[in-house]
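The values are calculated or read from the model by the stated rules, or taken from the named source; none is laboratory data. Keep in mind the model is a prediction, meaning the values are calculated, not measured. Here the Cβ positions follow ideal geometry from the backbone for every residue, glycine too, while neighbour counts run over all protein chains shown. SASA here: full protein model, heavy atoms, side chains in, ligands and nucleic acids out. Shrake-Rupley method; radii C 1.70, N 1.55, O 1.52, S 1.80 Å.
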Protein chains: 2
Amino acid sequence: MDDLEVRQLRYFVAVAEELHFGRAALRLGMAQPPLSRAIRELERRLGVRLLERTTRHVSLTPAGEVLLRDAKPALDAVAAAGRRARHAGRAEPGLRLAMKADYDGGLLPRILAAYRLEPAALPVELVLVGRGEQLPALREGRADVALLPVPLADDRGLDVEPLLTEPRLVALASTDPLADRPRLRVADLAGRTLPDGTPADRDGRPPTAVTAGPSPLAEAPPRRLDLAQIFNLIELGSIVWFPPASVARRHPRPGVVYRTVEDLGPITLALAWPQDSRSPAVAALVRTATTVAATAARP
Amino acid sequence: MDDLEVRQLRYFVAVAEELHFGRAALRLGMAQPPLSRAIRELERRLGVRLLERTTRHVSLTPAGEVLLRDAKPALDAVAAAGRRARHAGRAEPGLRLAMKADYDGGLLPRILAAYRLEPAALPVELVLVGRGEQLPALREGRADVALLPVPLADDRGLDVEPLLTEPRLVALASTDPLADRPRLRVADLAGRTLPDGTPADRDGRPPTAVTAGPSPLAEAPPRRLDLAQIFNLIELGSIVWFPPASVARRHPRPGVVYRTVEDLGPITLALAWPQDSRSPAVAALVRTATTVAATAARP
DNA sequence: GGTCATCCATACCTTCACGGTATCAATGCC
DNA sequence: GGCATTGATACCGTGAAGGTATGGATGACC
């Protein structure tokens, strides 16, 4: 008579994020009355009021805020358990590496080549995800290791091993007035629009800043552009872009020039994996990757 | 069609630990056939075989082992979410401190006195638990902070702040031949029985060693003695005991003598709390406790 | 090697929790 | 004060979960 159920937590999170039973029910793909009842039942089990509601307004009680904060990691843990078990049962187990396409510092081919020679190696399956989606992929058990920029906003439950630090450049239209100057400063680019639609601030926007996850129907979802779109907009002078040097090197393109920005902070790529991973395959990949990165660092 | 349910995980853990459907059903308080069906349904959802079973033998598949490992933290997370929400909803919120009775290094009165003066202080509720039960209490949301010996076997998800290190003594019957010698070495006590029924090894058994949690009906559950029983057995010469100095100081007793053991490692007490705790009350307690411990250290 | 006890699976039944529809009632807005 | 919005209630049907009875395979023992 004590145990919460996953379904109840899912329902509660939906309502707590929407603060609206109707919209939450819609999001959950069900009718509103059963949702109201389910929340009521959850409150009864806990013996605690979670939501203060009138017909015009729904708000979280302190207990509700606590539960909202704790429920999400709990749901993640359950989902991860399922995904990992599912993956472990596949006939041919592989090592799933989550990364954003091209953001490997140019190391990936060498890492994978070296890794294949390891005795503990498994076939590597690349899980290509969008910007900032490496961590969720790891936490939800869709990947076994992730390649991502550090520092992380939240590295709880993870082990992290930095691989390499590389400078970032700026990508400009070749017709841009600034393209004539061989070296720039961040201040020269202040106010320019970035690929995600936000204006460049004076830090050149640290790449891990916007990792809040899918916000509760936020009014302005950040623009998600693919490479072709990005280059198109750069060429037209609509946006500027701060790719790491290795990404720029891999994408030479007429109409787009790369320039160094003197005071733009570098980016550090790292491997991350669940702390409780006792997989020798993961351990071998980490070992291999650090070795490759170290040898690549001294040219 | 994707989500696991808490009930399914609980059932699976029971079977995976017992490796016997009948006993697992007994432990879960249900009949065996529905349990068999539930596991079958779980396997169907995951699309993975978790248990290899004949009528004579049940064993885990690799996927089953992965799930068993991941399911327990997931269940803990769900239980903790419920407990914390329940606690947060109480009219008068308190700070729950899990500890083993008396194992506070003698600091607790001063810590609590100083803590009460803090502006962020809440009423402190002591959660007295058995040896090695502080961590589970924390992880399952039964406590907000724990006072326990470090290093921890598993500190994932926790922040830890050491408070003080104190020597351990040995408690012997006053009639014991060794009682005449003012100073002893661990080797002198090798082979003596400890309160938990195990023989003393040459380290004097680090106090965090046997924290594996309630093992799956292990054949020899460690003896759990209370203080009166311990003293009784010491007096009779049946066991020896290695209490920290502060515990010994608090329990003078005729028929029992305390002696220093030259090469017995000291014990370090620390506070631990969930990494995601953003409670100012916890922060204030930690700050207060470290201050008190620091001032107590230089007499 | 035959008999037997053990133990997981199957068959079948009952109950109740969950979800749906229709409707009420309270609340804020114009 | 009328009205639209929105959460709660009433009522119903379906299906999942649990129970009992029983089957059938397997290892043990004589």
- Query: Among the listed residues A:L26, A:L19, which satisfies the condition of being touching a residue at least 40 places away in the same chain (Cβ under 8 Å) and over 19 Å from B:A77 (Cα atoms)?
  - Reply: A:L19
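Suppose we keep only residues that are in contact with a Lys or Arg (Cβ under 7 Å, 6 or more places away or on another chain) and within 14 Å of another protein chain (Cβ to nearest Cβ) within segment A:6-27. Which one would you say is farthest from B:G141 (Cα to Cα)? Lay out the reasoning, then the answer.
Of all residues in segment A:6-27, those in contact with a Lys or Arg (Cβ under 7 Å, 6 or more places away or on another chain) come to A:13-14, A:18.
Next, only the ones that are within 14 Å of another protein chain (Cβ to nearest Cβ) stay: A:13-14.
Values: A:V13: 19, A:A14: 23 Å.
The qualifying residue farthest from B:G141 (Cα to Cα) is A:A14.
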- Would you mind stating whether A:L46 is facing chain B (nearest Cβ under 9 Å) and more than 28 Å from A:G141 (Cα to Cα)? yes
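Just to confirm my filter: which helices (runs of 4 or more DSSP H) fall fully inside segment A:1-118 and include at least 1 residues that are within 16 Å of DNA strand C (Cβ to nearest atom) and surrounded by 20 or more Cβ atoms within 10 Å (Cβ to Cβ)? First the steps, then the outcome.
Values: elements: A:6-18, A:21-28, A:32-46, A:62-88, A:108-116.
Ranges flagged: A:6-18, A:21-28, A:32-46, A:62-88.
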- Determine whether A:S246 is at pLDDT below 85, outside the structural domain of A:V150 (by TED's automatic domain parsing) and open to solvent by 30 Å² or more (accessible area, probe 1.4 Å). no
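Okay, residues lined up against (1) in contact with a helix residue (DSSP H, G or I) (Cβ under 9 Å, 6 or more places away or on another chain); (2) of a type in the set (D, E, K, R); (3) open to solvent by 30 Å² or more (accessible area, probe 1.4 Å):
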| site | (1), (2), (3) |
| --- | --- |
| B:E125 | no, yes, yes |
| B:V129 | yes, no, no |
| B:A143 | yes, no, no |
| B:L148 | yes, no, no |
| B:D159 | yes, yes, yes |
- Query: How do the pairs read when you match residues in segment A:131-142 that are at negative phi with residues anywhere that are assigned to a loop (DSSP other than H, G, I, E, B) and open to solvent by 20 Å² or more (accessible area, probe 1.4 Å), using Cβ under 7 Å and keeping only pairs 6 or more apart or on different chains?
  - Reply: A:R131/A:K100; A:Q134/A:K100; A:L135/A:L152; A:L135/A:T211; A:P136/A:G213; A:A137/A:V129
- Does segment B:64-83 include one or more residues that are over 30 Å from B:A293 (Cβ atoms) and either away from every other protein chain (no Cβ under 13 Å) or touching a Phe, Trp or Tyr at 6+ places or on another chain (Cβ under 7 Å) (or both)? yes
- Query: Could you count how many residues in segment A:161-186 are in contact with a Leu (Cβ under 7 Å, 6 or more places away or on another chain) and open to solvent by 30 Å² or more (accessible area, probe 1.4 Å)?
  - Reply: 2
- From the list A:T260, A:T288, A:T295, which one is assigned to a helix (DSSP H, G or I), open to solvent by 50 Å² or more (accessible area, probe 1.4 Å) and of a type in the set (S, T, Y)? A:T295
- How about segment B:1-24: which of its residues are touching an Asp or Glu at 6+ places or on another chain (Cβ under 9 Å) and near DNA strand D (Cβ under 10 Å from one of its atoms)? B:E5, B:R7, B:Q8, B:R10
